[in-house]
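Please read the structure below before turning to the comments.
The values are calculated or read from the model by the stated rules, or taken from the named source; none is laboratory data. Since the model is a prediction, treat every value here as computed from it, not as a measurement. Virtual Cβ from ideal backbone geometry, glycine too; neighbours counted across all protein chains shown. SASA here: full protein model, heavy atoms, side chains in, ligands and nucleic acids out. Shrake-Rupley method; radii C 1.70, N 1.55, O 1.52, S 1.80 Å.
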Amino acid sequence: MSNPEPLRGQPLSAAETTLLRYLTQGYTVAGLALRLGTRAATVRRRAERARRKLGATSLDHAVQLYAQQQAAARPR
């Protein structure tokens with residue numbers, strides 16, 4: 001099996017960005033699957049890719065990193 005981390009540093013896809021935005025708002029994987037009209041497995045797969053791209057150790061960590069990036073990008 002290949003190393004699962006080579007995605008680190010790659011840009012997030014639109015689907016991954018949407019997923020992280022909803023997760024920062026408190027949606028669960030199951031709730032997000034219902035909202036997006038997809039399966040929970042699809043949400044988990046996208047979340048895992050986003051986690052790897054952000055270099056996070058967990059989904060919670062990925063959500064935290066995404067929220068920090070968004071806050072830093074806001075104009076002051």
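With every protein chain kept in the model, how would you rank R44, R8, R52 by accessible area, 1.4 Å probe, largest at the top?
R8, R44, R52
Roughly how much of V29 is accessible, in Å² to the nearest 10, using a 1.4 Å probe?
40
If I model a spin label at R45 and A71 as a point 7 Å from the Cα along the Cα→Cβ vector, what separation in nanometres do I get?
Between R45 and A71, the label points sit 3.3 nm apart.
If a/c stays under 1.5 just call it rounded; otherwise compare a/b with b/c (prolate if a/b is bigger, oblate if not). Do that for the chain, with a ≥ b ≥ c from the square roots of the Cα gyration tensor eigenvalues. Can you show the working numbers first?
Details: a/c = 1.91, a/b = 1.03, b/c = 1.84.
Note, shape of the chain comes out oblate.
Between R46, R21, R35, which gets the highest mean-square fluctuation from a Gaussian network model of the chain, Cα cutoff 10 Å?
The residue that fluctuates most here is R35.
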